[in-house]
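One structure is given below, encoded as structure tokens.
The values are calculated or read from the model by the stated rules, or taken from the named source; none is laboratory data. Computed from a predicted structure; not experimentally measured. Don't worry about glycine lacking a Cβ; one is built from the backbone with ideal geometry, like all the others, and counts go over all protein chains shown.
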Amino acid sequence: MTARTAWATLALTAWMSSCGTPPVVAESQEVPLDGWKSEDVLRFQWDMDDTLSRHDLMLDVRHGQDYPYSNLHLFLTYRFPNGKSRTDTIDCTLADELGRWRGSGFGDLVDQRFLIEQGIQFPLKGRYLLEVTHGMRTDPMTDLSDVGIRLERP
């Protein structure tokens, strides 16, 4: 069993046994084993019918213990049902000033979750799309395993 398979099994088991409200969206995509190139776009889409509730949007990053940096710069492009879009740049701090990973680990992998948007409302019904690319100087980026999003009602 590979580390990725073991992690996925553990995550699925934890999710199925949790008592909280299930997330509106929870999706993860593997990064290519030969590295994540800056032109490789990870796309996450979901349909939204609830224009009244507030939501928290989180970004999940899974990387190896050998990831060579303490951070990860990402470009997030939001595409809205009306055809408009917005691009944000975020800096995910993965390690503290002493180089210790901030997330939790399982084997050689470290999982980290970042709150991107808190208490947001979706004003339009329809399909939303979030495109994620990396903005690091090293290209391709290695030692990254997965990137995912999680949309929850607080």
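Please state which one of ARG62, ARG127 is closer than 24 Å to LEU33 by Cα and touching an Asp or Glu at 6+ places or on another chain (Cβ under 6 Å).
ARG62
Of the residues ARG62, ARG100, ARG43, ARG86, which single one is of a type outside the set (Asp, Glu) and in contact with a helix residue (DSSP H, G or I) (Cβ under 9 Å, 6 or more places away or on another chain)?
Residue meeting the stated conditions: ARG62.
From LEU109, LEU151, LEU115, LEU144, grab the single residue that is surrounded by 12 or more Cβ atoms within 10 Å (Cβ to Cβ), among the hydrophobic types (A, V, I, L, M, F, W, C) and either more than 23 Å from PRO32 (Cβ to Cβ) or touching an Asp or Glu at 6+ places or on another chain (Cβ under 6 Å) (or both).
Selected residue: LEU151, the only one of LEU109, LEU151, LEU115, LEU144 that is surrounded by 12 or more Cβ atoms within 10 Å (Cβ to Cβ), among the hydrophobic types (A, V, I, L, M, F, W, C) and either more than 23 Å from PRO32 (Cβ to Cβ) or touching an Asp or Glu at 6+ places or on another chain (Cβ under 6 Å) (or both).
So which pairs qualify, if the first residue must be in the range 113-140 and under 16 Å from VAL25 (Cβ atoms) and without any contact (Cβ under 8 Å) to a residue 24 or more places away in the chain, the second must be surrounded by fewer than 15 Cβ atoms within 10 Å (Cβ to Cβ) and among the basic types (Lys, Arg), the Cβ gap must be under 8 Å, and the two must be at least 6 apart or on different chains?
Nothing qualifies.
Hey, any hits in the range 96-109 for a residue that's without any contact (Cβ under 8 Å) to a residue 40 or more places away in the chain and assigned to a strand (DSSP E or B)?
Checked against the condition, which is being without any contact (Cβ under 8 Å) to a residue 40 or more places away in the chain and assigned to a strand (DSSP E or B), the range 96-109 yields at least one hit.
Is the range 63-79 home to any residue that is modelled with pLDDT under 95 and among the charged types (D, E, K, R)?
Checked the range 63-79: at least one residue is modelled with pLDDT under 95 and among the charged types (D, E, K, R).
Do any residues in the range 72-86 that are in contact (Cβ under 8 Å) with a residue 40 or more places away in the chain have Cβ atoms under 6 Å from those of residues that are of a type in the set (A, V, I, L, M, F, W, C) and in a strand (DSSP E or B), where the two are at least six apart or on different chains, and which pairs are they?
As it stands, the answer is LEU72/CYS92; LEU74/ILE90; LEU74/VAL132; LEU76/VAL132; TYR78/LEU130; ARG79/LEU129, since those pairs meet every condition given.
Within the range 94-150, how many residues are out of contact with any strand residue (DSSP E or B) (no Cβ under 7 Å at 6 or more places or on another chain), of a type in the set (Phe, Trp, Tyr) and either closer than 30 Å to LYS84 by Cβ or modelled with pLDDT of 95 or more (or both)?
Result for the range 94-150: 0.
For the range 52-60, indicate whether the set of residues that are surrounded by fewer than 14 Cβ atoms within 10 Å (Cβ to Cβ) and either out of contact with any Gly (no Cβ under 6 Å at 6 or more places or on another chain) or farther than 18 Å from VAL25 by Cβ (or both) is non-empty.
yes
Determine if the range 87-95 includes at least one residue that is surrounded by 15 or more Cβ atoms within 10 Å (Cβ to Cβ), assigned to a strand (DSSP E or B) and among the small types (Gly, Ala, Ser).
There is at least one residue in the range 87-95 that is surrounded by 15 or more Cβ atoms within 10 Å (Cβ to Cβ), assigned to a strand (DSSP E or B) and among the small types (Gly, Ala, Ser).
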